[in-house]
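Asker: Attaching a single structure in C-alpha coordinates format; questions to follow.
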Amino acid sequence: VGKRAWAHGKACRHSSRHSGPRHWLCHIVRVFPPGGRGKKVLIVYAHQEPKSFNGSLKKVAVEELSKQGCTVTVSDLYSMNFEPRATRNDITGAPSNPDVFSYGIETHEAYKKKALTSDIFEEQRKVQEADLVIFQFPLYWFSVPAILKGWMDRVLCRGFAFDIPGFYDSGFLKGKLALLSLTTGGTAEMYTKDGVSGDFRYFLWPLQHGTLHFCGFKVLAPQISFGLDVSSEEERKVMLASWAQRLKSIWKEEPIHCTPPWYFQE
(Lines give C-alpha, C1' and ligand atoms only; values in the text may rest on other atoms or scores of the structure.)
Protein backbone atom coordinates (compact mmCIF):
# COMPACT_ATOMS: atom_id res chain seq x y z
CA VAL A 1 0.00 0.00 0.00
CA GLY A 2 1.39 3.38 -0.90
CA LYS A 3 -0.35 6.51 0.32
CA ARG A 4 -3.74 5.04 -0.39
CA ALA A 5 -5.73 2.49 1.48
CA TRP A 6 -9.38 1.87 1.03
CA ALA A 7 -12.83 1.56 2.50
CA HIS A 8 -15.31 0.46 -0.17
CA GLY A 9 -12.56 1.15 -2.70
CA LYS A 10 -11.99 4.75 -1.62
CA ALA A 11 -8.90 6.31 -0.13
CA CYS A 12 -8.93 6.43 3.66
CA ARG A 13 -9.02 9.75 5.41
CA HIS A 14 -6.11 10.90 7.53
CA SER A 15 -5.85 13.13 10.54
CA SER A 16 -3.35 15.78 9.49
CA ARG A 17 -1.87 17.82 6.70
CA HIS A 18 0.10 16.22 3.88
CA SER A 19 3.42 16.94 5.56
CA GLY A 20 2.45 15.86 9.07
CA PRO A 21 1.84 12.52 10.79
CA ARG A 22 -1.14 10.64 9.44
CA HIS A 23 -3.70 8.39 10.98
CA TRP A 24 -5.21 6.04 8.44
CA LEU A 25 -8.73 4.72 8.85
CA CYS A 26 -8.49 1.56 6.78
CA HIS A 27 -11.58 -0.52 7.36
CA ILE A 28 -14.37 -2.00 5.33
CA VAL A 29 -17.91 -1.56 6.65
CA ARG A 30 -20.79 -4.02 6.62
CA VAL A 31 -24.21 -2.91 5.45
CA PHE A 32 -26.28 -4.49 8.23
CA PRO A 33 -26.99 -2.90 11.62
CA PRO A 34 -24.50 -3.02 14.52
CA GLY A 35 -25.02 -5.24 17.54
CA GLY A 36 -23.06 -3.46 20.24
CA ARG A 37 -25.54 -3.81 23.08
CA GLY A 38 -24.81 -6.89 25.11
CA LYS A 39 -21.43 -7.49 23.47
CA LYS A 40 -18.36 -8.16 25.60
CA VAL A 41 -15.02 -6.51 24.85
CA LEU A 42 -11.60 -7.26 26.31
CA ILE A 43 -8.89 -4.59 25.98
CA VAL A 44 -5.39 -5.95 26.53
CA TYR A 45 -3.47 -2.78 27.35
CA ALA A 46 0.32 -2.57 27.40
CA HIS A 47 1.70 0.81 28.40
CA GLN A 48 3.45 1.88 31.57
CA GLU A 49 1.94 5.38 31.82
CA PRO A 50 -1.80 6.00 32.32
CA LYS A 51 -1.41 9.58 31.00
CA SER A 52 0.20 8.39 27.76
CA PHE A 53 -1.49 8.64 24.37
CA ASN A 54 -1.98 4.87 24.51
CA GLY A 55 -3.75 5.44 27.81
CA SER A 56 -5.98 8.01 26.13
CA LEU A 57 -6.81 5.61 23.30
CA LYS A 58 -7.71 2.95 25.84
CA LYS A 59 -9.89 5.41 27.76
CA VAL A 60 -11.71 6.45 24.58
CA ALA A 61 -12.41 2.80 23.75
CA VAL A 62 -13.76 2.06 27.23
CA GLU A 63 -16.01 5.11 27.18
CA GLU A 64 -17.37 4.71 23.65
CA LEU A 65 -17.99 0.96 23.87
CA SER A 66 -19.61 1.32 27.28
CA LYS A 67 -21.98 3.92 25.83
CA GLN A 68 -23.06 1.31 23.30
CA GLY A 69 -24.06 -1.06 26.08
CA CYS A 70 -20.98 -3.26 25.79
CA THR A 71 -19.38 -4.85 28.83
CA VAL A 72 -15.74 -3.75 28.69
CA THR A 73 -12.94 -5.46 30.61
CA VAL A 74 -9.39 -4.11 30.64
CA SER A 75 -6.29 -6.19 31.32
CA ASP A 76 -3.78 -3.48 32.22
CA LEU A 77 -0.68 -5.63 32.01
CA TYR A 78 1.78 -3.26 33.66
CA SER A 79 -0.49 -2.37 36.58
CA MET A 80 -1.24 -6.08 36.99
CA ASN A 81 2.50 -6.78 37.04
CA PHE A 82 1.72 -9.53 34.54
CA GLU A 83 4.44 -12.17 34.30
CA PRO A 84 5.72 -12.22 30.70
CA ARG A 85 8.10 -15.17 31.03
CA ALA A 86 6.93 -18.57 29.84
CA THR A 87 8.46 -20.99 32.33
CA ARG A 88 7.77 -24.27 34.08
CA ASN A 89 6.27 -22.21 36.90
CA ASP A 90 3.18 -21.88 34.68
CA ILE A 91 2.42 -25.54 35.40
CA THR A 92 0.92 -26.58 38.71
CA GLY A 93 1.65 -30.12 39.76
CA ALA A 94 4.07 -32.57 38.23
CA PRO A 95 5.09 -32.25 34.54
CA SER A 96 4.13 -35.01 32.16
CA ASN A 97 7.81 -35.51 31.29
CA PRO A 98 10.01 -34.81 34.32
CA ASP A 99 13.22 -35.49 32.38
CA VAL A 100 12.93 -32.96 29.51
CA PHE A 101 10.78 -29.85 29.82
CA SER A 102 8.91 -28.71 26.70
CA TYR A 103 6.80 -25.61 27.37
CA GLY A 104 4.36 -26.23 24.52
CA ILE A 105 3.76 -29.86 25.46
CA GLU A 106 3.51 -29.23 29.18
CA THR A 107 1.10 -26.28 28.92
CA HIS A 108 -1.07 -28.31 26.54
CA GLU A 109 -1.24 -31.14 29.03
CA ALA A 110 -1.75 -28.73 31.93
CA TYR A 111 -4.60 -26.98 30.12
CA LYS A 112 -6.39 -30.30 29.65
CA LYS A 113 -5.91 -31.08 33.36
CA LYS A 114 -6.83 -27.52 34.47
CA ALA A 115 -3.35 -27.28 35.91
CA LEU A 116 -2.22 -23.90 34.56
CA THR A 117 -1.54 -21.07 37.00
CA SER A 118 -4.41 -18.83 38.03
CA ASP A 119 -3.17 -15.76 36.15
CA ILE A 120 -3.21 -17.65 32.84
CA PHE A 121 -6.60 -19.19 33.59
CA GLU A 122 -8.07 -15.77 34.42
CA GLU A 123 -6.88 -14.21 31.14
CA GLN A 124 -8.16 -17.19 29.18
CA ARG A 125 -11.54 -16.74 30.86
CA LYS A 126 -11.62 -13.09 29.75
CA VAL A 127 -10.76 -14.05 26.17
CA GLN A 128 -13.32 -16.84 26.12
CA GLU A 129 -16.08 -14.47 27.21
CA ALA A 130 -15.14 -11.68 24.79
CA ASP A 131 -16.74 -11.02 21.42
CA LEU A 132 -13.97 -8.56 20.54
CA VAL A 133 -10.39 -8.35 21.84
CA ILE A 134 -8.56 -5.04 21.33
CA PHE A 135 -4.81 -4.93 21.82
CA GLN A 136 -3.62 -1.41 22.72
CA PHE A 137 0.14 -0.86 22.64
CA PRO A 138 3.07 1.18 21.32
CA LEU A 139 5.10 -0.41 18.54
CA TYR A 140 8.40 -1.78 19.88
CA TRP A 141 10.92 -2.92 17.26
CA PHE A 142 8.14 -3.60 14.72
CA SER A 143 6.36 -5.75 17.30
CA VAL A 144 4.63 -5.66 20.67
CA PRO A 145 6.17 -4.79 24.06
CA ALA A 146 7.67 -7.78 25.86
CA ILE A 147 4.90 -7.87 28.43
CA LEU A 148 2.28 -8.22 25.69
CA LYS A 149 4.35 -10.83 23.85
CA GLY A 150 4.46 -12.76 27.12
CA TRP A 151 0.68 -12.49 27.41
CA MET A 152 0.34 -14.02 23.94
CA ASP A 153 2.90 -16.74 24.68
CA ARG A 154 1.30 -17.79 27.97
CA VAL A 155 -2.42 -17.21 27.42
CA LEU A 156 -2.88 -18.41 23.83
CA CYS A 157 -1.66 -21.92 24.53
CA ARG A 158 -2.39 -25.09 22.66
CA GLY A 159 -5.65 -26.62 23.77
CA PHE A 160 -7.17 -23.24 24.57
CA ALA A 161 -6.54 -21.19 21.41
CA PHE A 162 -5.56 -23.84 18.86
CA ASP A 163 -4.54 -27.44 18.32
CA ILE A 164 -2.69 -29.42 15.65
CA PRO A 165 -4.86 -29.69 13.60
CA GLY A 166 -7.14 -26.86 14.64
CA PHE A 167 -5.61 -23.56 13.58
CA TYR A 168 -6.21 -20.58 11.27
CA ASP A 169 -9.84 -20.82 10.13
CA SER A 170 -10.26 -23.81 12.44
CA GLY A 171 -8.60 -22.13 15.43
CA PHE A 172 -10.48 -22.43 18.69
CA LEU A 173 -11.14 -18.67 18.95
CA LYS A 174 -13.06 -18.56 15.68
CA GLY A 175 -16.14 -16.41 15.85
CA LYS A 176 -14.31 -13.78 17.88
CA LEU A 177 -12.99 -10.48 16.55
CA ALA A 178 -9.53 -9.06 17.23
CA LEU A 179 -8.12 -5.61 16.53
CA LEU A 180 -4.64 -4.11 16.95
CA SER A 181 -4.67 -0.47 18.05
CA LEU A 182 -1.09 0.72 18.10
CA THR A 183 1.04 3.84 18.04
CA THR A 184 4.28 4.60 16.24
CA GLY A 185 6.94 7.25 16.63
CA GLY A 186 7.53 7.34 12.87
CA THR A 187 5.23 9.07 10.43
CA ALA A 188 2.86 7.35 8.02
CA GLU A 189 5.17 8.20 5.10
CA MET A 190 7.92 6.13 6.73
CA TYR A 191 5.62 3.08 6.73
CA THR A 192 4.86 2.91 3.01
CA LYS A 193 6.39 0.60 0.42
CA ASP A 194 8.75 3.37 -0.60
CA GLY A 195 9.34 4.56 2.95
CA VAL A 196 12.41 3.85 5.04
CA SER A 197 10.50 1.38 7.26
CA GLY A 198 8.58 -0.38 4.49
CA ASP A 199 4.84 -0.97 4.29
CA PHE A 200 3.22 -1.14 7.73
CA ARG A 201 1.47 -4.34 6.66
CA TYR A 202 4.80 -6.15 6.70
CA PHE A 203 5.16 -5.95 10.47
CA LEU A 204 1.49 -6.83 10.94
CA TRP A 205 2.00 -10.24 9.31
CA PRO A 206 3.37 -12.12 12.37
CA LEU A 207 0.94 -10.42 14.74
CA GLN A 208 -2.33 -10.50 12.81
CA HIS A 209 -1.74 -13.60 10.71
CA GLY A 210 0.79 -15.70 12.62
CA THR A 211 -0.80 -15.13 16.02
CA LEU A 212 -4.40 -13.88 15.92
CA HIS A 213 -5.60 -15.55 12.73
CA PHE A 214 -3.67 -18.71 13.66
CA CYS A 215 -5.85 -18.91 16.78
CA GLY A 216 -9.01 -18.46 14.72
CA PHE A 217 -9.75 -14.78 15.34
CA LYS A 218 -11.44 -12.76 12.61
CA VAL A 219 -9.08 -9.81 12.35
CA LEU A 220 -10.37 -6.28 11.89
CA ALA A 221 -8.19 -3.69 10.16
CA PRO A 222 -5.64 -2.13 12.51
CA GLN A 223 -5.99 1.29 14.06
CA ILE A 224 -2.55 2.87 13.71
CA SER A 225 -1.78 6.25 15.23
CA PHE A 226 1.31 7.32 13.32
CA GLY A 227 3.95 9.90 14.13
CA LEU A 228 3.41 10.58 17.82
CA ASP A 229 6.98 11.84 18.15
CA VAL A 230 6.22 14.74 15.82
CA SER A 231 2.48 15.24 16.20
CA SER A 232 0.92 18.37 17.66
CA GLU A 233 -1.65 18.41 20.43
CA GLU A 234 -4.31 19.25 17.86
CA GLU A 235 -3.31 16.32 15.66
CA ARG A 236 -3.48 14.00 18.66
CA LYS A 237 -6.99 15.19 19.42
CA VAL A 238 -7.99 14.38 15.85
CA MET A 239 -6.54 10.88 16.20
CA LEU A 240 -8.53 10.28 19.37
CA ALA A 241 -11.70 11.60 17.75
CA SER A 242 -11.25 9.38 14.71
CA TRP A 243 -10.80 6.32 16.95
CA ALA A 244 -13.97 7.19 18.85
CA GLN A 245 -15.81 7.66 15.56
CA ARG A 246 -14.65 4.33 14.23
CA LEU A 247 -15.76 2.55 17.39
CA LYS A 248 -19.29 3.84 16.89
CA SER A 249 -19.64 1.47 13.93
CA ILE A 250 -17.09 -1.18 14.90
CA TRP A 251 -19.70 -3.94 14.95
CA LYS A 252 -20.54 -3.24 11.30
CA GLU A 253 -17.00 -3.85 10.06
CA GLU A 254 -15.99 -6.81 7.94
CA PRO A 255 -12.73 -8.57 8.89
CA ILE A 256 -9.78 -8.21 6.56
CA HIS A 257 -8.87 -11.03 4.19
CA CYS A 258 -6.14 -12.40 6.42
CA THR A 259 -4.10 -14.02 3.64
CA PRO A 260 -0.62 -13.25 2.26
CA PRO A 261 -1.88 -10.97 -0.55
CA TRP A 262 -3.37 -8.52 1.98
CA TYR A 263 0.06 -8.04 3.50
CA PHE A 264 2.41 -8.32 0.55
CA GLN A 265 0.59 -7.74 -2.75
CA GLU A 266 -2.33 -5.32 -2.38
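Asker: Amide H to amide H under 5 Å from residue 223: which residues, 5+ apart in sequence or cross-chain, H placed 1.01 Å off N in plane?
Answerer: The list, which skips near neighbours in sequence, is 180, 181, 182.
Asker: Pull up all non-local amide H partners of residue 72: gap of 5 or more, or a different chain, and H-to-H distance under 5 Å with H placed in the peptide plane.
Answerer: 41
Asker: Roll a 1.4 Å probe over the protein chains and send me the accessible area per residue for the range 71-165 in Å². Mind dumping the intermediate values first?
Answerer: Working: 4880 Å² over 95 residues.
Averaged over the residues of the range 71-165, the accessible area is 51 Å².
Asker: Compute the Kirkwood hydrodynamic radius of the range 79-140, taking the inverse of the mean of 1/r over all pairs of distinct Cα atoms, and give it in Å to one decimal. Walk me through the numbers before you get to the answer.
Answerer: Details: mean 1/r = 0.0747 Å⁻¹.
After inverting the pairwise mean of 1/r, the radius is 13.4 Å.
Asker: Quick one: ranking 176, 248 by accessible area, 1.4 Å probe, largest first, what do you get?
Answerer: Values: 176 20, 248 105 Å².
Accessible-area ranking of 176, 248, largest first: 248, 176.
Asker: Using a 1.4 Å probe, how large is the accessible area of residue 49, given in Å² and rounded to the nearest 10?
Answerer: Rounded to the nearest 10, that gives 80 Å².
Asker: Sticking with this one: Rounded to the nearest 10 Å², what accessible area does residue 191 show when all protein chains are kept and the probe is 1.4 Å?
Answerer: Surface open to solvent at residue 191 totals about 20 Å².
Asker: Moving on. Quick check: the distance between the Cα centres of the range 247-266 and the range 142-198, to the nearest angstrom?
Answerer: 14
Asker: Taking R0 as 30 Å, what FRET efficiency do you get between residue 233 and residue 140 from their Cβ-Cβ distance, rounded to the nearest 0.05?
Answerer: Details: r = 24 Å, r/R0 = 0.80.
Between residue 233 and residue 140 the formula returns 0.80.
Asker: Restricting to Cα atoms and excluding each atom paired with itself, what does the Kirkwood estimate give for the range 40-264 in Å?
Answerer: Working: mean 1/r = 0.0544 Å⁻¹.
With all distinct Cα pairs of the range 40-264 included, I get 18.4 Å.
Asker: Over all distinct alpha-carbon pairs, what is the Kirkwood Rh of the range 143-266 in angstrom?
Answerer: 15.8
Asker: Oh, and also: Checking the table 176/252; 39/113; 113/149; 39/112; 51/218; 51/237 against a 23 Å threshold on Cα-Cα, which pairs fail? Display every interim value, and only then the final one.
Answerer: Values: 176/252 14 Å; 39/113 30 Å; 113/149 25 Å; 39/112 28 Å; 51/218 31 Å; 51/237 14 Å.
Among 176/252; 39/113; 113/149; 39/112; 51/218; 51/237, the Cα-Cα distance tops 23 Å for 39/113; 113/149; 39/112; 51/218.
Asker: Sticking with this structure for a sec: Can you give the Rg/Rh ratio of the range 92-182, where Rg is from the C-alpha atoms and Rh is the Kirkwood radius? Could the numbers behind the result be given before it?
Answerer: On the way: Rg = 14.3 Å, Rh = 14.4 Å.
Here the Rg-to-Rh quotient is 0.99.
Asker: Please report, as a whole percent, how much of the solvent-accessible surface of the chain comes from carbon and sulfur atoms (probe radius 1.4 Å). Numbers along the way, then the final one.
Answerer: Numbers: 6910 of 12740 Å².
Carbon and sulfur: 54 percent of the exposed surface of the chain.
The values are calculated or read from the model by the stated rules, or taken from the named source; none is laboratory data. Nothing here was measured: the structure is a model prediction, and the numbers come from that model. All Cβ positions, glycine included, derive from the backbone under ideal geometry; neighbour counts span all protein chains shown. When the accessible area is computed, the model is the full protein with side chains, heavy atoms only, and any ligands, DNA or RNA have been set aside. Shrake-Rupley method; radii C 1.70, N 1.55, O 1.52, S 1.80 Å.
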